[in-house]
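The values are calculated or read from the model by the stated rules, or taken from the named source; none is laboratory data. Predicted, not measured: the structure shown is a model, and the values here were computed from it. No Cβ is skipped: glycine too gets one built from the backbone with ideal geometry, and neighbour counts run over all protein chains shown. Only protein heavy atoms, including side chains, enter the accessible area calculation; ligands, DNA and RNA are left aside. Shrake-Rupley method; radii C 1.70, N 1.55, O 1.52, S 1.80 Å.
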Amino acid sequence: MEQPIFTTRAHVFQIDHTTKKNWVPASKQAVTVSYFYDSTRNSYRIISVDGTKVIINSTITPNMTFTKTSQKFGQWADSRANTVFGLGFSSEQQLTKFAEKFQEVKEAARLARDRSQEKTETSSNHSQESGRETPCSTRASSVNGTDDEKASHGGPSDAQLKTENDKLKLALAQSSSNVKKWETELHSLRESNARLTSALQESAASIEHWKKQFSICKDENDQLRSKIDELEEQCNEIDKERERNAQLSRRLQELETELQDKELEIEDLRKQGEIIPELMTECETVSENCRNKDLEEKVRALRTEVEESKHRQNNLKTELQTFLDVLDGKIDELHDFRQGLSKLGVDN
């Protein structure tokens, strides 16, 4: 019985019988190509079926050679079929496996042929020995054979043809089932590919959507960062204004303290000024009552002191007026500064 021992898939070609150079596709797509072993006849064949059509039926002989013509293409010549077969594989690995299997099958066919020749030689020797013993009977049977004997010689050939036909039918059935299986798998792969394509398109659309969202968020982020920088600058300006305001407040307090000290000093001078007329009166009284030199010197000293006191009072008045003018200017500046701060607070 013939059984498959190795199976692969490839595109099948045959050499153009006219040009002997160009390849003619024997199948429209990749088909199953199998090695079959016939245990009854001890022979090996390469069989490939496309639907119901047998496109390869090549018996392997020791004289055949499988040649790799490229990384994915190989060929061999079949003298019995009077053609050259070519196989195109999807990968270099598949081609290498097929070539290695071809070499194994070729070696097995050679061993089978050698054993067959040995058996033939042995049976020939036996027949020669028996022929020497009964030559007459052998000649008679060979020359005067009956119709039954002739029929018996024709019978095994018909049986072999029938057996091979049955085997081919079995191979066709198996190939058909394989084709259906591969068609089912191809259909499922196409459906899976369609689903994957749809998912890929959805993913691409989603990616584009998220890219736009990311771009929008990035622009908003840049705007927020710019706004934050502006607010930080404003905060720095506000801090500087607050620092200047604190310095002005401290200076204002110092000026107010100085003003209070000057007012106290002015008050003392006023009190001293009120005493001056009394002193003048006393001086005149003393000058009238006492005409001696000591009293005159005392009066002159008192007058000098009074003049100096008046002069200091005038100087203090002048300094006080200058200080009051400066203080009014500072108060106006402080008022303007507070109005600026209030406006800045309203803008924020």
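Points worth noting:
- Residue in the range 233-255 that is open to solvent by 100 Å² or more (accessible area, probe 1.4 Å), among the acidic types (Asp, Glu), under 30 Å from Asp336 (Cβ atoms) and modelled with pLDDT of 85 or more present: yes
- Scanning the range 6-33 for residues that are in a strand (DSSP E or B) and without any contact (Cβ under 8 Å) to a residue 24 or more places away in the chain turns up Val24, Pro25.
- Subset of the range 34-68 [modelled with pLDDT of 90 or more, within 51 Å of the chain's Cα centre (by Cα) and assigned to a loop (DSSP other than H, G, I, E, B)]: Thr65, Phe66
- Check on Val84, out of contact with any Pro (no Cβ under 9 Å at 6 or more places or on another chain) and modelled with pLDDT of 90 or more: yes
- Test: residue in the range 223-239 that is in a helix (DSSP H, G or I) and touching a Leu at 6+ places or on another chain (Cβ under 7 Å): yes
- Selection status of Thr285, polar (S, T, N, Q) and open to solvent by 70 Å² or more (accessible area, probe 1.4 Å): no
- Residue match in the range 318-329 (condition: open to solvent by 100 Å² or more (accessible area, probe 1.4 Å) and in contact (Cβ under 8 Å) with a residue 12 or more places away in the chain): yes
- Of all residues in the range 35-59 being in contact with an Asp or Glu (Cβ under 9 Å, 6 or more places away or on another chain) and of a type in the set (D, E, K, R), the one that is surrounded by the most Cβ atoms within 10 Å (Cβ to Cβ): Arg45
- Conditions (1) assigned to a strand (DSSP E or B); (2) farther than 30 Å from Leu111 by Cβ; (3) open to solvent by 80 Å² or more (accessible area, probe 1.4 Å); number of the one not met by Gln3: (2)
- One residue stands out in the range 69-106 among those that are small (Gly, Ala, Ser) and assigned to a strand (DSSP E or B): the one that is most open to solvent (accessible area, probe 1.4 Å), namely Ala77.
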